[in-house]
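Q: Okay, handing you the structure first.
The values are calculated or read from the model by the stated rules, or taken from the named source; none is laboratory data. Small disclaimer: the values here were computed from a predicted structure and weren't measured. Methodologically, a virtual Cβ is constructed for each residue, glycine included, from the backbone with ideal geometry; neighbour enumeration extends over all protein chains shown.
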Amino acid sequence: MALLEFTDKGIHCPQAGVYLDPWKPVDRALITHGHSDHARPGHAHYLATNAAAPVIRHRLDVDVETVEFGEKRTINGVEFSFHPAGHIIGSAQIRVSYRGEVWVFTGDYKCEPDGLTETFEPVRCHTLITECTFGLPVFNWQPQSEVFGEINAWWRANAAEGKASVIGAYSLGKAQRVLAGVDESIGPIFTHGAVEATNAVLREQGIGLPNTTHIVPGISREIFPGSLVIAPPSALGSAWMRRLGPSSTAVASGWMALRGVRRRRAADRGFVLSDHVDWQQLNDAVRESGAERVFVTHGYTSVFRRWLETQGYDARIVQTDFEGENLDADAREELVSETASTGGNSP
Amino acid sequence: MKRFARLFAELDQTTKTNAKVAALAQYFREADDSDKLWTIALLSHKRPRRTVTTTLLREWAAEAAGIPDWLFEEAYPIVGDLAETIALILPPANWASDKTLSDWIEIVKALQGVDDQEKKRHILAAWQTLDRTERFLFNKIITGGFRIGVSQKLMTRALAQATGIDEPLLAHRLMGDWTPDTINFDDLVLADNPGENLSRPYPFYLAHPLESEIEDLGQPDDWSAEHKWDGIRGQIIIRGGELYVWSRGEELVTDRFPEFTAFKDLLPDGTVLDGEILPWRDDRPLGFQTLQTRINRKTVSKKLLSEAPVVFKAYDLLETGGDDIRAKPFASRRRALETLIGENDIGGTLRLSPLVEFDAWDDLISEREKSRDVGSEGLMLKRKESPYLAGRKKGDWWKWKVNPLTVDAVMIYAQSGHGRRANLFTDLTFAVWNGNELVPFTKAYSGLTDTEFNELTRWVRKNTLERFGPVRSVKAEHVFEIAFEGIQKSRRHKSGIALRFPRIHRWRRDKPVNEANSLADLEALLPEGEPTS
């Protein structure tokens, strides 16, 4: 019996009787982070990190049992622990160990410290299950400081023209990363309801974020020129934008590295900012895990598997329901979470 | 290169036409003459002669990035552009440079005839000197295909703003087979009499699809109609005892159509005809597929000449006796054209595109229904009073195509798109029934909304049966209505047929797979008596 096996419900540990980020309802679910393709409704028991739990409770309206990063939980002899994945606040890799055999499931992750989320820590293992959303050598992120330099310059130029700068960023994760990374001295920062609802949950758990003003109906449009507005990607180009007056729009995503994808989004600017590993980080992470066997999940799996094989790994593809950084999945989830937040479905 | 890269970034960062024109006009005011000239050339799809093969560029880029060739080749179709793939894959530059666009172009040109090792040294040095955007542009200069969301029309408008020269006049000056090596900026753009360039074509006048009901065009009396032929739009120029054949893509294609050589002895000097290059036999057009076998051949064999013979269907006269008559009304140009062709025995290779006689709009409605029978795509409507304008202009010329043919087919393979669709499965292969077997017969890439492609992409991920490299076979579960303009027999296709302009018309969620059409249904749509190509 393998320590972890891949079933139609998700990644299963038969010895402990638990699942990692399952996509169909199960009895016991260990959750890496709160994005909707990893934390799904309908499980009987949830376990996540202290830092990830509030958002999961808020989004799914469920009870979540928590652990600290690094804390060990033993279930039927199998030892589980959560380690920082650097993807969003509270996101974790899950380490599974039984009788000396160690597996690590990365969930979604990135290695570059962003000053907001807990910095990724490599975890040694025999078998690694890794995402490879951007597992192609054309994806090489610039340092975050350069990207924020571009975002600040864009904001300043718009402010000089009397326009609002509207940036489409996923409400959980990317929105806070943008917020924490921009130069607050340029102007006021406003948020869409979906972003503000998540901000509120994170502030409540003690995360320091710059001041933001929630855009409520009836707000005067005279206050927007010169400001930065953070909204879900789905709000860009929607009727909601009309209340902002003249504006320039931007999308922040790893996909913006590809000119073709950038042009498909009808935004004025595309900033290359991802919460996933790029090619170099992915290769470093695999190497530093010390794993001999690697399962690759969502992303450019067949190419990355072949590349790993040429590097001497026993590499295999696993088909999962995880979606990685999918521009359009983001848009879909935003609608869900906005309905939830306007429906008064708070924790 | 920094100034050109800034222009590129400005153009690339906006989707607004006015902002693009403003950025270009500003560039045309600031850049030096040789950079301006090269910019006009690149945006007119003229590039320096290729001095380095793309094979070598790929090899060197993969080596510099420390990855195997196969990995480069996997990444390339996902990015969708070779120049961009190389720019993204290379490690960051080590130093910077002040060289201008023209300086870099001279460097590229100087590689002609140099041995590969020396070429490699220069290219690697360039890559190490240029930042990511500059590198992309440098690669584009070598590989060609400069599509940066700026049409020739926009470029001409910006140049008109920067120079104060009338736009249609500029459009005409920029036509033809000039290169930055044969002309300077002043002579091309500013000179009143821009050289005696005998081969210079006129800008083509392009029609819009008819948007309203035919009756809304007003009095039938004010209009002429003719069939719309499915060939290559062409302009034939006879000046100085020479013949020049231009395609709409502004490509000089004289040598590819030796059938037309005789025109220069039969038509008077100073004649320019607008018309359609059409494959033709036994008094009807052969399908476009037939012409396709010739389009990219630089030399045309006897065999090809007899298998795919062409005629020129003339529909307009732009110059006669050396005079530009484009400002005259269509009706008068047409009469002059009829006289000219009527007077000359051209042996069947030069033909008039006949006008359709009609008194009422209803006559045209029924004539349009016959389009497929005569091998045309529909009708063209031209206002009798209309001058010959430059470019795509609304109001006087309309194309009125027949409704497409359709068939219900099953999706059986999916492949992710490239470029702007890199993360979606958009390249789909469709099949029809042949007995109990599904036979693939066409691919289609367009016609669904982004939302539908997203939904389909999620479905493909979960319903993949097998992977063949980038192609996935999927469960035969979804039926789509495929629309197309024409159908022909084809030996090159497994199904024995080839479609013209196939695209997805709609997703037939209401249809079970067993109700999709059959190969026999498709074959019934083949025109009668058409030879296999």
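Q: Condition first: modelled with pLDDT of 80 or more, of a type in the set (A, V, I, L, M) and surrounded by fewer than 23 Cβ atoms within 10 Å (Cβ to Cβ). Can you find one or more residues in the stretch A:318-337 that meet it?
A: Looking through the stretch A:318-337, at least one residue is modelled with pLDDT of 80 or more, of a type in the set (A, V, I, L, M) and surrounded by fewer than 23 Cβ atoms within 10 Å (Cβ to Cβ).
Q: Please list, ordered by first then second residue, the pairs with beta carbon atoms under 9 Å, 6 or more apart or interchain, first in the stretch B:1-18 and more than 22 Å from residue B:129 (Cβ to Cβ) and in the same structural domain as residue B:138 (by TED's automatic domain parsing), second of a type in the set (S, T, N, Q) and at pLDDT 90 or above.
A: Final answer for the pair search is B:10/B:26.
Q: Further, regarding this structure: Among the residues that make up the stretch B:330-342, is at least one of them assigned by TED's automatic domain parsing to the domain that holds residue B:243, within 29 Å of the chain's Cα centre (by Cα) and over 28 Å from residue B:220 (Cα atoms)?
A: No: zero hits.
Q: Go through B:520, B:524, B:476 for me and flag whichever is more than 27 Å from residue A:325 (Cβ to Cβ) and out of contact with any strand residue (DSSP E or B) (no Cβ under 9 Å at 6 or more places or on another chain).
A: On inspection, the qualifying residue turns out to be B:524.
Q: Which residue pairs have Cβ atoms under 6 Å apart, sit 6 or more places apart or on different chains, and have a first residue in the stretch A:125-150 that is more than 11 Å from every other protein chain (Cβ to nearest Cβ) and touching a residue at least 24 places away in the same chain (Cβ under 8 Å) and a second that is of a type in the set (A, V, I, L, M, F, W, C) and part of a loop (DSSP other than H, G, I, E, B)?
A: From the stretch A:125-150, the pairs are A:125/A:291; A:127/A:291; A:128/A:291; A:147/A:273.
Q: Could you pull out the residue among B:424, B:405 that is of a type in the set (A, V, I, L, M, F, W, C), over 27 Å from residue B:519 (Cα atoms) and either surrounded by fewer than 20 Cβ atoms within 10 Å (Cβ to Cβ) or touching a residue at least 24 places away in the same chain (Cβ under 8 Å) (or both)?
A: Among B:424, B:405, only B:424 is of a type in the set (A, V, I, L, M, F, W, C), over 27 Å from residue B:519 (Cα atoms) and either surrounded by fewer than 20 Cβ atoms within 10 Å (Cβ to Cβ) or touching a residue at least 24 places away in the same chain (Cβ under 8 Å) (or both).
Q: If I ask for residues that are assigned to a helix (DSSP H, G or I) and away from chain A (no Cβ under 14 Å), which ones from the stretch B:128-154 would you list?
A: Within the stretch B:128-154, B:128, B:129, B:134, B:138, B:141, B:142, B:143, B:152, B:153, B:154 meet the criteria.
Q: So residue B:160 ticks every box in (1) in contact with an Asp or Glu (Cβ under 7 Å, 6 or more places away or on another chain); (2) of a type outside the set (Lys, Arg); (3) on the phi > 0 side of the Ramachandran plot but one. Which box is left unticked?
A: (3)
Q: Taking only pairs six or more apart or across chains, which ones have beta-carbon atoms under 7 Å, a first residue in the stretch B:445-456 that is more than 9 Å from chain A (Cβ to nearest Cβ), and a second residue that is surrounded by fewer than 18 Cβ atoms within 10 Å (Cβ to Cβ) and aliphatic (A, V, I, L, M)?
A: Nothing qualifies.
Q: For the stretch A:117-138, which positions are of a type in the set (D, E, K, R) and over 20 Å from residue A:299 (Cβ atoms)?
A: Selection gives A:118, A:121, A:124.
Q: For the stretch B:78-108, what are the residues that are within 12 Å of another protein chain (Cβ to nearest Cβ), over 13 Å from residue A:137 (Cα atoms) and assigned to a helix (DSSP H, G or I)?
A: B:82, B:83
Q: So which residues in the stretch B:48-68 are within 12 Å of chain A (Cβ to nearest Cβ) and either outside any loop (DSSP other than H, G, I, E, B) or closer than 26 Å to residue B:109 by Cα (or both), if there are any at all?
A: Of everything in the stretch B:48-68, those that are within 12 Å of chain A (Cβ to nearest Cβ) and either outside any loop (DSSP other than H, G, I, E, B) or closer than 26 Å to residue B:109 by Cα (or both) turn out to be B:61, B:62, B:64, B:65.
Q: Restricted to the stretch A:231-288, and to residues that are more than 13 Å from chain B (Cβ to nearest Cβ), assigned to a loop (DSSP other than H, G, I, E, B) and surrounded by fewer than 23 Cβ atoms within 10 Å (Cβ to Cβ), which residue is farthest from the chain's Cα centre (by Cα)?
A: A:245
Q: For the stretch B:40-82, which residues satisfy the criterion of being free of Cβ contacts under 8 Å to residues at least 24 places away in the same chain and in contact with a strand residue (DSSP E or B) (Cβ under 9 Å, 6 or more places away or on another chain)?
A: none
Q: Please go through the stretch B:163-176 and give me each residue that is surrounded by fewer than 18 Cβ atoms within 10 Å (Cβ to Cβ), in contact with a helix residue (DSSP H, G or I) (Cβ under 8 Å, 6 or more places away or on another chain) and in a helix (DSSP H, G or I), ordered by number.
A: Within the stretch B:163-176, B:163, B:167 meet the criteria.
Q: Can you tell me which residue in the stretch B:150-192 is farthest from residue B:57 (Cα to Cα), limited to those that are of a type outside the set (A, V, I, L, M, F, W, C) and touching a Leu at 6+ places or on another chain (Cβ under 6 Å)?
A: B:156
Q: Oh, and also: Select from the stretch B:250-281 the residues that are in a strand (DSSP E or B) and of a type in the set (D, E, K, R) and write down the one among them that is surrounded by the fewest Cβ atoms within 10 Å (Cβ to Cβ).
A: Going through the qualifying residues, I end up with B:281.
Q: Of B:352, B:305, which residue is surrounded by fewer than 19 Cβ atoms within 10 Å (Cβ to Cβ) and either more than 21 Å from residue B:376 (Cβ to Cβ) or not aliphatic (A, V, I, L, M) (or both)?
A: B:305
Q: Whether any residue in the stretch A:292-302 is assigned to a loop (DSSP other than H, G, I, E, B) and more than 14 Å from every other protein chain (Cβ to nearest Cβ) is what I want to check.
A: Yes, because at least one residue in the stretch A:292-302 is assigned to a loop (DSSP other than H, G, I, E, B) and more than 14 Å from every other protein chain (Cβ to nearest Cβ).
Q: I would also like to ask the following. Among the residues in the stretch A:188-198, are any modelled with pLDDT under 95, among the small types (Gly, Ala, Ser) and more than 17 Å from the chain's Cα centre (by Cα)?
A: The answer is yes, given that some residue of the stretch A:188-198 is modelled with pLDDT under 95, among the small types (Gly, Ala, Ser) and more than 17 Å from the chain's Cα centre (by Cα).
Q: Among the residues of the stretch B:75-89, is any of a type outside the set (Val, Ile, Thr), farther than 19 Å from residue B:8 by Cβ, surrounded by 14 or more Cβ atoms within 10 Å (Cβ to Cβ) and in contact with a Leu (Cβ under 9 Å, 6 or more places away or on another chain)?
A: Taking every residue of the stretch B:75-89 in turn, at least one turns out to be of a type outside the set (Val, Ile, Thr), farther than 19 Å from residue B:8 by Cβ, surrounded by 14 or more Cβ atoms within 10 Å (Cβ to Cβ) and in contact with a Leu (Cβ under 9 Å, 6 or more places away or on another chain).
Q: Return the residues of the stretch B:381-430 that are of a type in the set (Lys, Arg) and away from chain A (no Cβ under 14 Å); say none if nothing qualifies.
A: Within the stretch B:381-430, B:382, B:383, B:384, B:392, B:393, B:394, B:399, B:401 meet the criteria.
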